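The values are calculated or read from the model by the stated rules, or taken from the named source; none is laboratory data. Since the structure is predicted, the reported quantities are computational estimates derived from the model, not experimental observations. Positions of Cβ are generated from backbone atoms using ideal geometry, with glycine treated the same way; all protein chains shown enter the neighbour counts. The accessibility values were calculated without ligands, DNA or RNA, using every heavy atom of the protein model including side chains. Shrake-Rupley method; radii C 1.70, N 1.55, O 1.52, S 1.80 Å.
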Amino acid sequence: MTDIIKLLPDHVANQIAAGEVVQRPASVVKELMENAIDAGATTVKLIVKDGGKALIQVVDDGMGMSETDARLSFERHATSKISSAQDLFNLHTKGFRGEALASIAAIAHVDMQTRTETNEVGVHIKIEGSKIVSQEVVATPQGTSISVKNLFFNIPARRNFLKSNQVELRHITDEFHRVALVHPNTEFHFYNNGSEIFNLPKGKPRQRIAHIFGSRMENRLVPVSEETEVVKISGFICKPEFAKKSRGEQFFFANDRFIKSPYLHHAVVAAFEGLIKPDTYPGYFIYLEVDPSSIDINIHPTKTEVKFDDENTLYAILRSTIKHSLGQFNVAPVLDFDHDPNLDTPYAYKEKGAVLPKVTVDATFNPFQERERKSGGSFQRASSKGWENLYEGLDQDVDTNNFSSVAIESDSEAQGTLYDDGVGEHMATTFQLRRKFVVSTVKSGMLVIHQNRAHERILFEKFLGEITVKEGVSQQLLFPLELTFNPQELGILREIKDSLTNIGFAFESLEEETVKLTGVPLMVPESGIGTVLDRLIADYAEGFNEGTVSQAEVLAKVLSKNLAVKTGELLDQESQLALVNNLFACKEPTLSPFQKLTYTIISEGDIDKKFS
Ligand code: ADP
Ligand code: MG
C-alpha cells in the first residue's frame with residue numbers, strides 16, 4: 001500500500017484551528033481587545049456592525065508593530081509573548097498561543113494598520129482567507145487598528161449557524177464587559193452600528209462597574225478584600241436585597257482574566273446563605289490574584305475555565321472573606337424566611353383595590369341553546385347588571401379590602417362548550433381550593449383549574465394578540481415616570497420598544513440612562529412599572545437566548561409570567577368565573593405558555609371508584 005498521510009497545507013490547518021478559537025463574532029472581539037491590552041493601549045475602541053457579522057474593528061494606541069512583525073503576526077504560533085515552555089508558568093499577558101490572528105485571517109477579510117512609536121510611517125496589510133492581498137506604507141497614528149469583515153465568508157455552514165444580530169451583539173457585549181471590568185485604567189469606547197453604546201473613562205474599579213451597569217449599581221456594592229499567602233482577593237459583592245432571579249452580574253477574574261468557576265461561585269452563594277431567597281443569585285465582581293505558576297489557564301481553548309492548585313483552600317478563604325464583608329458592612333438578614341413567598345401579592349395588584357371586575361358573561365346564557373347560538377354567528381354580550389344578580393349574596397365572604405383578593409377581568413367571549421350537557425350547574429358553583437385551584441363541575445365530572453397557569457395562558461394569548469395587532473390599551477400617566485436603566489438594559493428596551501408600544505407602553509426617548517415613561521398598559525399599576533420593566537428586561541434577555549422563538553412570543557411569555565395571579569391569591573367569585581370562561585376562550589387552553597397543564601377533569605367514574 002502506498003503512503004497516504006499528508007501534511008495539511010497551512011491555510012487548511014489555520015481554518016481548522018480557527019474553529020477552536022473563533023466560534024462567533026464575540027470570540028474575535030475578545031482576541032482583538034486582549035491583543036490591544038497586551039500592547040499596552042491606554043484607549044481601546046471597539047466598533048461593530050450587524051452584530052459583528054459585517055464588521056468588527058478594534059483600534060488601540062498601544063505599541064504597534066514593525067513591518068516584519070505585522071506580517072508575522074498572522075502566522076500560526078507567532079507570538080511575542082512567550083519564547084519557552086517555562087514562560088507558560090509565568091504569564092502576565094492575555095495572549096500567548098500566537099493563534100488568534102492566524103485563525104481570524106483564515107476565515108475573514110482582515111485589514112490591519114499599525115505603527116510603532118519609532119517608525120515614522122506605518123504599514124497597511126490586507127489578508128483574505130490567510131492570503132496577503134496587499135501591503136502598503138501608510139500614515140497612521142501610533143498603535144494598531146484591525147478590521148475584520150465578512151466573518152466565515154469561506155465557511156457558509158458556520159455563518160449560517162450565527163444567531164440574530166441582537167444575540168450576537170449581546171455575546172460581544174459580554175466579552176467587552178469582561179475585558180473592560182479588569183482594566184479600569186484603560187479607556188474604552190464601544191460603537192454599534194454607528195452609535196456609541198459604551199463610553200468608559202479611566203477610573204476606579206467601582207466607577208467602572210457603575211459606568212457599565214448603571215449608576216444605581218454604585219450604592220449596591222459592598223467591597224470585598226483579603227490578602228493571604230495563597231490569594232489576594234478584591235472586588236465587590238452586591239447587597240443581598242439586590243439578588244436577582246436571573247443570572248447576570250456574576251464575575252470572577254483570576255490574574256486579570258475573566259474565568260468561569262462553578263466551584264467558586266458556590267463559595268460565594270454559600271456565603272450568602274440565609275441572606276437571599278433560595279432561587280436567587282447574588283451579584284459579584286471578584287478579582288483573584290494568585291501566583292501565575294499555581295494556575296493553569298491552558299485547559300480550555302477559549303480559556304475561561306481554569307485549574308487552581310489548591311481549590312479547596314481558595315473556596316474556604318473566599319467564602320469567609322465574603323461573609324466577613326457582609327457582616328462588616330452590616331448587611332444583616334432582612335428577609336423573613338417563615339414567610340411564604342407564594343402568599344405575596346404580585347406588585348401588579350398591590351394598588352388595585354378589589355374592584356368589581358368587568359366580567360362580560362352572557363346572563364341569558366342557556367346551555368340548552370348553546371348550539372343554536374353558536375350557529376347564529378356573533379355572540380351577544382349581555383349587560384353585566386343581569387349577570388351580577390346571579391351572584392347576589394354570594395360574595396359576602398369575600399373580603400373586598402383584602403389586597404390579595406384579585407380581580408381577573410374578563411374580556412373575552414364566554415364559550416360554553418365545556419358545559420353543554422344541559423345541566424347548567426356550573427353557573428354559581430366555582431370555588432377556590434387552597435388558593436391554588438379553581439374548581440367547577442362539567443358534564444363529565446369535576447373541573448380543576450390551576451389558577452396561576454390558567455391565567456398565564458389567558459394573558460399570554462391576550463398579549464400576543466396585542467403585540468401583533470397593536471391594539472393594547474394605554475393608560476396615560478399624569479406625570480411622566482422617570483426610571484433609570486443601564487446601557488445594556490436600554491439596548492434591550494430599544495430592541496423591544498415596538499412591541500412594548502403595541503401593548504400600551506409609551507416612552508419619550510430611550511437614549512439616556514433616565515427614561516421618561518408617559519403611558520403604561522391598562523393592567524399594570526403605576527407603582528409596579530419599574531419592577532415589571534426590570535423583570536421584563538431580565539427575563540427577555542434570558543428567554544431570547546434560549547431558542548428561536550419570536551420576539552412577540554418571548555415578550556408575551558414574560559408579561560404573562562409576571563402579571564398572572566399567583567398561587568396563594570384569593571380570587572373572588574367573579575374572578576373565578578372569569579378565569580374559567582377566559583381560559584376556555586383561549587386558542588390553546590390545555591397548556592400554559594410554559595407547556596404545563598392548566599386544568600384537569602376528574603371524571604365521575606373516577607369519583608365513583610373512590611366510593612366503591
Ligand atoms: P498572541 O496574542 O497569543 O501572541 P495573536 O495571534 O493574538 O497571538 O497575536 C500575535 C502577535 O501579534 C502578538 O504576540 C503580538 O506581538 C502581535 N499583535 C497582535 N495584536 C497586536 C496589537 N494590537 N498591537 C501590537 N501587537 C499586536
Ligand atoms: Mg492574542
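Computed quantities for the displayed model
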read-out	value
Accessible area (Å², 1.4 Å probe, nearest 10) - residue 522	110 Å²
Sulfur and carbon atoms: percent of accessible area, segment 203-321 [1.4 Å]	48 percent
With DNA, RNA and ligands ignored, accessible area of residue 257 (1.4 Å probe; Å², nearest 10)	20 Å²
Carbon + sulfur, % of accessible area of segment 468-599 - ligands and nucleic acids excluded, 1.4 Å	51 percent
Exposure rank, largest accessible area first [66, 27, 80; 1.4 Å]	80, 66, 27
Residue 286 accessible area, 1.4 Å probe, all protein chains in place, Å² to nearest 10	0 Å²
Neighbour-limited loop hits for chymotrypsin sites (Phe, Trp or Tyr not before Pro), segment 549-612 (at most 16 other Cβ within 10 Å; DSSP other than H, G, I, E, B)	594, 611
Per DSSP, loop chymotrypsin sites (Phe, Trp or Tyr not before Pro) in segment 211-296 with at most 16 further Cβ within 10 Å	none
Residues with amide H under 5 Å from that of residue 252, placed H, sequence gap 5 or more	259, 286
Solvent-accessible surface ranking, highest first, for 489, 128, 241, 187 at 1.4 angstrom	241, 128, 187, 489
Total formal charge among the other residues, if their Cβ is under 12 angstrom from that of residue 139, Lys/Arg +1 and Asp/Glu -1	-1
Three-way shape call for segment 1-117 based on the alpha-carbon gyration tensor, with the a/c threshold at 1.5	oblate
Where segment 466-605 is the region considered: accessible area per residue in Å², 1.4 Å probe	42 Å²
Rounded accessible area per residue of segment 1-42, 1.4 Å, Å²	55 Å²
Residue order for 466, 120, 482, 218 - accessible surface, 1.4 angstrom probe, largest first	120, 482, 218, 466
Shape parameters for segment 167-288, alpha-carbon atoms, Rg then Dmax in Å	14.8, 48
Pairwise FRET efficiency - residue 232 versus residue 478, Cβ, R0 = 56 Å, nearest 0.05	0.55
Which listed pairs, of 149/260; 49/516; 81/204; 45/126; 81/245, have C-alpha distances above 32 Å, in listed order	81/245
Relative contact order (percent, whole number), segment 447-536, Cα cutoff 8 Å, 6+ residue spacing	31 percent
